[in-house]
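**Student:** Here you go, one structure.
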There are 2 protein chains.
Amino acid sequence: MNDIAPITDPSTPPTVALRLHPTDNVLVALRSLTAGAPLTEGLSAAEAINSGHKIAARPIAPGEPIVKYGQVIGAATAEIAPGALVHVHNLGMSDHQQDYGFATAATSLAPILDPATFMGYHRSSGRVGTRNYLGILTSVNCSGSVARFIAEAMARESLLEEFPNVDGIVPIVHGTGCGMSGRGEGFETLFRTLAGYGHHANFGGILLLGLGCEVMQIADLVDREALKDTARFRYMTIQQTGGTRATVERGSAILRELAAEANKATRAPAPASKLVLGMQCGGSDGYSGITANPALGVASDLLVRHGGTSILSETPEIYGAEHLLTRRAVDAPTGRKLIDLIDWWENYTARNDGEMDNNPSPGNKRGGLTTILEKSLGAVAKGGTAPLSGVYRYGEPIDQPGFVFMDSPGYDPCSVTGQVASGANLIAFTTGRGSVSGYQPVPSIKIASNLDLWQRMQPDMDVNCGEILEGTSLEAKGEEIFDLLLRVASGEKTKSEAQGFGAVEFVPWQIGAVM
Amino acid sequence: MNDIAPITDPSTPPTVALRLHPTDNVLVALRSLTAGAPLTEGLSAAEAINSGHKIAARPIAPGEPIVKYGQVIGAATAEIAPGALVHVHNLGMSDHQQDYGFATAATSLAPILDPATFMGYHRSSGRVGTRNYLGILTSVNCSGSVARFIAEAMARESLLEEFPNVDGIVPIVHGTGCGMSGRGEGFETLFRTLAGYGHHANFGGILLLGLGCEVMQIADLVDREALKDTARFRYMTIQQTGGTRATVERGSAILRELAAEANKATRAPAPASKLVLGMQCGGSDGYSGITANPALGVASDLLVRHGGTSILSETPEIYGAEHLLTRRAVDAPTGRKLIDLIDWWENYTARNDGEMDNNPSPGNKRGGLTTILEKSLGAVAKGGTAPLSGVYRYGEPIDQPGFVFMDSPGYDPCSVTGQVASGANLIAFTTGRGSVSGYQPVPSIKIASNLDLWQRMQPDMDVNCGEILEGTSLEAKGEEIFDLLLRVASGEKTKSEAQGFGAVEFVPWQIGAVM
Ligand SMILES: [Ca+2]
Ligand SMILES: [Ca+2]
Ligand SMILES: [Ca+2]
Ligand SMILES: [Ca+2]
Ligand SMILES: [Ca+2]
């Protein structure tokens, strides 16, 4: 998280401090305050307090937990008066915070008995698509250009005018698939990713396209993944087909057949429990953790209450706050899986001459973040307060409802690629500085953390969380996000879809040596 | 290298054994021979000999070096009669072969006093382009879609009709640039790669496009690389410009200005010494090492004699034969640099749970390859016999004539990307199974190793080295390749250019953890 910039828009109403969760005993200052400045709830600042810092919302006794985002971020080390600054001088890590406390804080959310519905594409797998694309899935970079040529040939023929229920043709092109070991975690990670796209409910049909001599063999994908329903899955290699021209001709004919089949699908009502939401933040700023992320957390909790699935990822960004997630785990084995991931990451970064950072930086502290838990909570806030129901590897199929974690780097396109491979049929992406991207075949909404971003990049942004700084509640904004997700799931285009994003953002996580 | 398949085309004339270099004392069998079968040069097979195996071309005494590809691959361990099989039973590694013998076998080639010329674009840097493209170079995946939108907008406006000397607009899009450490070899490798494209002579103008918040900062590239000639280099970030729509508008206006400037360039005569040839093999088969690669080696030697530069790469594929290159090094420090690379690779693969393989496999031995030197020589044969003048890191600028080595993985798109970043303005790509790819902004010729491939994939192949199996000499084929390179350098389109390849094959070598 970066420092919070001063709010410069003169039209901004004077919301000066924010409570991020009803159970919090601290507020966050939204601007720098002088002693005596009036806050919310009849409080006033007991001393000068900088923007982004924490303020006691009531008297706090020594040893009492400090609660922010509805989570315990440490304990008071001194008596703290209402309106006083809460920071390194009176807040420390409690012993309690140092252990994983597996499943000690998993409080189930009340299910909503009459769940929301959306209009989706019901697939024979039982999954429901939010879009109905045809995919040209490539095993290797070396078949990427030809995949695009096939899609371009179909576009020249205006093929899809005959098939109005098909949303488009999506070449899934990437930089890897060969020059790698044919076994081990790098290979298995790419394999899972490609398999996940192959099975994705947002594809009404898939053509698997390889070169022929690559490490990642099409035939293995077809066999191991049972991609054998020829009405929906077809495959070919350029070498066996006889080169570019022959492959474009044959591939176009195959896509015509797949399109005719995919065109039979129509939208039908589906319960919100069929939604799988991948959550992401990128280009974060000082507001991300106090506006867009907790608002998305409200939406995530709502989705879980409606029976759906929401996915938190970006393992390096939760580092140091894993204790908070292990305590929310539904059981000890689930919490243990998360710690195993953390251990793997420590090894992964160390063997690559890097390291994980588990201290708030001096800049973080100047910005008002006291402990590493609090820092990572800015990212974890997207995950609301629901129990942690499951922990998954990158691209592993997610087949259960609730709030889950999928391992990934923080790097946006790579993390989202894993979420889509795991089955996400919606993406919600918070941003403070402004990210522009799309993730075909899955629609992605962009959630702006501040008003300035919203105003500067409105054609790219779907939701304005800057309004939270003007007095809109996190709850209201979370409900707005949830409602938008239902509409988008039913076919409403997101800003990034309307602009045509998504042709280059498939970025599988590449682990291991390039050979 | 794979086993040599039987030649099945019944029209193939009976060329049954091939001498790969005039100084060789062995021939290679091109088909399986019975005892007594007539060979070339009045020889006959002294025993049954399988396809791909070596045959003594004259009497060889114990201890005498065995020479193949003009290189010593070991020493006879017994008396060998003309026409007899040369393999594990009578060929071993000589002690001599186990040491690096730095610079002991660097035999200069006679320079050609009236060098060939081509028609190229002379740049103020002193380099000469073989094409005149405009590039949209992205710092990060997150600006890739917008780079493509700008190029698409220009295509819709048919901008280039006004500027006939501009070959096209090339978005350089990739999967990395963020989610990585901002220092260390992974960062520096990507930095060199982007800088190399920024300076490439095949671009008449470059727009650098970033998102804004990425690790790989546009401003650093501009500053450290002196990309400051505003007639040729311009830059912008999406966040600073205000989102997608504003960036496409502003970027289109900038490209119009760059196009007007680039259009002033015209082709003019340039000496062959301005050619920098990146050599590559991909999708190799059993013929690659005896037809296409040594023919390209002849062309490489010719280019060196004309004063040009040819680049061998793909470090894992020369592993085990580094002794041959160190002995050809012009001096000990140059040879030592190669060994340092080899040591780096041993560490790189080991820390990624892999390993380098420095033994011929049982399959290699069945195919007729006796020693690791001989196996890797199939790849090294592309480099002809010229002295090794320099050793470079991936993407490092190559600023000298002669035969040089640039470190890279064997993975084709990744290796070629490094060669282009290092300054290659031509690519020659040998293939046995058939690779289809292109490397904008640099033209790439495809050299087929066998007749079957040539016939099946002719719209993708530029040169037929299958003719070597029918009696065309390596020398004649090498001259044909050299002549084609001059024509392509002057503007003749390669098969891959004519088909529009190159939009997805920019694959920078990603080293290190994705964070
Ligand atoms: Ca982030
Ligand atoms: Ca640990
Ligand atoms: Ca991210
Ligand atoms: Ca060594
Ligand atoms: Ca290669």
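**Student:** Just one of B:Asn450, B:Asn464 is more than 8 Å from chain A (Cβ to nearest Cβ) and crowded, with 24+ Cβ neighbours inside 10 Å; which is it?
**Tutor:** Of the residues listed, the single one that is more than 8 Å from chain A (Cβ to nearest Cβ) and crowded, with 24+ Cβ neighbours inside 10 Å is B:Asn450.
**Student:** Where in the range A:213-325 are the strands (runs of 3 or more DSSP E), entirely inside, with at least 2 residues that are buried (at least 23 other Cβ atoms within 10 Å of the Cβ)?
**Tutor:** In the range A:213-325, A:276-281, A:309-312 are the strands (runs of 3 or more DSSP E) which contain 2 or more residues that are buried (at least 23 other Cβ atoms within 10 Å of the Cβ).
**Student:** Restricting to the range A:398-447, and then to whatever is buried (at least 24 other Cβ atoms within 10 Å of the Cβ) and of a type in the set (Asp, Glu), can you tell me which residue is nearest to ligand 4 (Cβ to nearest atom)?
**Tutor:** The qualifying residue nearest to ligand 4 (Cβ to nearest atom) is A:Asp407.
**Student:** Let me ask something additional. On the basis of being within 14 Å of chain A (Cβ to nearest Cβ) and within 18 Å of the chain's Cα centre (by Cα), does B:Gly282 make the cut? Break it down into steps so the answer makes sense when it comes.
**Tutor:** Numbers: within 14 Å of chain A (Cβ to nearest Cβ): yes; within 18 Å of the chain's Cα centre (by Cα): yes.
For B:Gly282, the condition - within 14 Å of chain A (Cβ to nearest Cβ) and within 18 Å of the chain's Cα centre (by Cα) - is met.
**Student:** Could you grab the pairs with beta carbons closer than 6 Å, sequence gap of 6+ or different chains, first residue in the range A:17-45 and without any contact (Cβ under 8 Å) to a residue 60 or more places away in the chain, second one acidic (Asp, Glu)?
**Tutor:** A:Ala35/A:Glu47
**Student:** While we're looking at this one, here's another question. Does the range B:436-457 include one or more residues that are out of contact with any helix residue (DSSP H, G or I) (no Cβ under 9 Å at 6 or more places or on another chain) and over 30 Å from A:Thr315 (Cα atoms)? Walk me through how you get there before you give the answer.
**Tutor:** Just the residues of the range B:436-457 that are out of contact with any helix residue (DSSP H, G or I) (no Cβ under 9 Å at 6 or more places or on another chain), to begin with: none.
For the range B:436-457, residues out of contact with any helix residue (DSSP H, G or I) (no Cβ under 9 Å at 6 or more places or on another chain) and over 30 Å from A:Thr315 (Cα atoms): absent.
**Student:** While we're looking at this one, here's another question. Filter the range B:429-446 down to the residues that are polar (S, T, N, Q) and more than 10 Å from chain A (Cβ to nearest Cβ) and list them by number.
**Tutor:** Within the range B:429-446, B:Thr430, B:Gln440, B:Ser444 qualify.
**Student:** For the structure I just gave you, tell me whether A:Gly502 is more than 14 Å from every other protein chain (Cβ to nearest Cβ), out of contact with any helix residue (DSSP H, G or I) (no Cβ under 6 Å at 6 or more places or on another chain) and surrounded by fewer than 24 Cβ atoms within 10 Å (Cβ to Cβ). Break it down stepwise before answering.
**Tutor:** On the way: more than 14 Å from every other protein chain (Cβ to nearest Cβ): no; out of contact with any helix residue (DSSP H, G or I) (no Cβ under 6 Å at 6 or more places or on another chain): yes; surrounded by fewer than 24 Cβ atoms within 10 Å (Cβ to Cβ): yes.
Considered against the rule, which asks whether it is more than 14 Å from every other protein chain (Cβ to nearest Cβ), out of contact with any helix residue (DSSP H, G or I) (no Cβ under 6 Å at 6 or more places or on another chain) and surrounded by fewer than 24 Cβ atoms within 10 Å (Cβ to Cβ), A:Gly502 comes out as no.
**Student:** Would you please list the contacts, defined by Cβ atoms under 8 Å and residues six or more apart or on different chains, that run from a residue in the range A:401-415 that is in the same structural domain as A:Met356 (by TED's automatic domain parsing) and more than 13 Å from ligand 3 (Cβ to nearest atom) to a residue that is part of a helix (DSSP H, G or I) and among the polar types (S, T, N, Q)?
**Tutor:** Pairs found: A:Pro401/A:Ser273; A:Phe403/A:Ser300; A:Asp407/A:Thr315.
**Student:** Kindly check whether there is at least one residue in the range A:365-375 that is charged (D, E, K, R), within 14 Å of chain B (Cβ to nearest Cβ) and more than 21 Å from A:Pro333 (Cβ to Cβ). If you could, list the steps in order and put the result at the bottom.
**Tutor:** So the first thing to find is which residues in the range A:365-375 are charged (D, E, K, R), and the list is A:365-366, A:374-375.
Checking the rest, the ones that are also within 14 Å of chain B (Cβ to nearest Cβ) come to none.
Looking for residues that are charged (D, E, K, R), within 14 Å of chain B (Cβ to nearest Cβ) and more than 21 Å from A:Pro333 (Cβ to Cβ), one finds none in the range A:365-375, hence no.
**Student:** Where residues in the range A:333-363 are without any contact (Cβ under 8 Å) to a residue 24 or more places away in the chain and of a type in the set (Asp, Glu), which of them is farthest from ligand 4 (Cβ to nearest atom)?
**Tutor:** A:Asp340
**Student:** Any chance the range A:383-393 includes a residue that's within 22 Å of A:Tyr121 (Cα to Cα), touching a helix residue (DSSP H, G or I) at 6+ places or on another chain (Cβ under 8 Å) and either within 14 Å of chain B (Cβ to nearest Cβ) or not in a loop (DSSP other than H, G, I, E, B) (or both)?
**Tutor:** no
**Student:** Return a yes/no flag: does the range A:77-86 have any residue that is away from every other protein chain (no Cβ under 14 Å), touching a residue at least 12 places away in the same chain (Cβ under 8 Å), within 30 Å of A:Leu277 (Cβ to Cβ) and under 31 Å from the mean Cα position of the chain (by Cα).
**Tutor:** No - not one qualifying residue is present in the range A:77-86.
**Student:** Now for a different question. Do you know which residues across the range A:63-73 are surrounded by 23 or more Cβ atoms within 10 Å (Cβ to Cβ) and not β-branched (Val, Ile, Thr)?
**Tutor:** A:Lys68, A:Tyr69, A:Gln71
**Student:** Looking at the range B:178-212, which of its residues are closer than 30 Å to B:Leu275 by Cα, crowded, with 20+ Cβ neighbours inside 10 Å and within 13 Å of chain A (Cβ to nearest Cβ)?
**Tutor:** B:Gly186, B:Thr189, B:Leu190, B:Thr193, B:Leu209
**Student:** Okay, moving on. Would a scan of the range B:111-133 turn up a residue that is touching an Asp or Glu at 6+ places or on another chain (Cβ under 7 Å), within 14 Å of chain A (Cβ to nearest Cβ) and of a type in the set (S, T, N, Q)?
**Tutor:** No: zero hits.
**Student:** Go through the range B:401-427 and count every residue that is under 15 Å from B:Leu190 (Cα atoms) and in a helix (DSSP H, G or I).
**Tutor:** 9
**Student:** Just give me the residues in the range A:311-348 being within 16 Å of ligand 1 (Cβ to nearest atom) and either under 13 Å from A:Ser376 (Cα atoms) or within 14 Å of another protein chain (Cβ to nearest Cβ) (or both), in sequence order.
**Tutor:** Selection gives A:Leu312, A:Ser313, A:Glu314, A:Thr315, A:Pro316, A:Glu317, A:Ile318, A:Tyr319, A:Gly320, A:Ala321, A:Trp345.
**Student:** Would you mention how many residues in the range B:124-177 are at pLDDT 95 or above, of a type in the set (D, E, K, R) and assigned to a loop (DSSP other than H, G, I, E, B)?
**Tutor:** Qualifying residue count, the range B:124-177: 3.
**Student:** A further question on this structure: Which of (1) over 18 Å from B:Gly402 (Cα atoms); (2) of a type in the set (D, E, K, R); (3) within 15 Å of ligand 4 (Cβ to nearest atom) does B:Arg267 not meet, given it meets every other one?
**Tutor:** (3)
**Student:** B:Ala379 passes all but one of (1) away from ligand 4 (no atom under 16 Å from the Cβ); (2) in contact with an Asp or Glu (Cβ under 8 Å, 6 or more places away or on another chain); (3) among the hydrophobic types (A, V, I, L, M, F, W, C); (4) not in a helix (DSSP H, G or I); which number fails?
**Tutor:** Checking B:Ala379 against (1) away from ligand 4 (no atom under 16 Å from the Cβ); (2) in contact with an Asp or Glu (Cβ under 8 Å, 6 or more places away or on another chain); (3) among the hydrophobic types (A, V, I, L, M, F, W, C); (4) not in a helix (DSSP H, G or I), the one that fails is (4).
**Student:** Out of (1) more than 24 Å from A:Ile481 (Cα to Cα); (2) surrounded by fewer than 18 Cβ atoms within 10 Å (Cβ to Cβ), the odd one out for A:Asn364 is which?
**Tutor:** A:Asn364 satisfies every listed condition except (2).
**Student:** When you scan the range B:487-499, how many residues do you find that are buried (at least 19 other Cβ atoms within 10 Å of the Cβ) and more than 7 Å from chain A (Cβ to nearest Cβ)?
**Tutor:** So the answer is 6.
**Student:** Another question, if that's okay. So, in the range B:359-376, of the ones that are touching an Asp or Glu at 6+ places or on another chain (Cβ under 8 Å) and outside any helix (DSSP H, G or I), which residue ends up nearest to B:Ser415 (Cα to Cα)?
**Tutor:** Looking at residues that are touching an Asp or Glu at 6+ places or on another chain (Cβ under 8 Å) and outside any helix (DSSP H, G or I), I get B:Pro360.
**Student:** Here's something else I'd like to know. For the range A:470-480, state whether one or more residues are among the polar types (S, T, N, Q), away from every other protein chain (no Cβ under 14 Å) and either closer than 14 Å to A:Ala299 by Cβ or surrounded by fewer than 23 Cβ atoms within 10 Å (Cβ to Cβ) (or both).
**Tutor:** Yes, because at least one residue in the range A:470-480 is among the polar types (S, T, N, Q), away from every other protein chain (no Cβ under 14 Å) and either closer than 14 Å to A:Ala299 by Cβ or surrounded by fewer than 23 Cβ atoms within 10 Å (Cβ to Cβ) (or both).
The values are calculated or read from the model by the stated rules, or taken from the named source; none is laboratory data. Keep in mind that this is a model prediction, so the values were computed, not measured. Neighbour counts run over all protein chains shown; Cβ positions are idealised from the backbone, glycine included.
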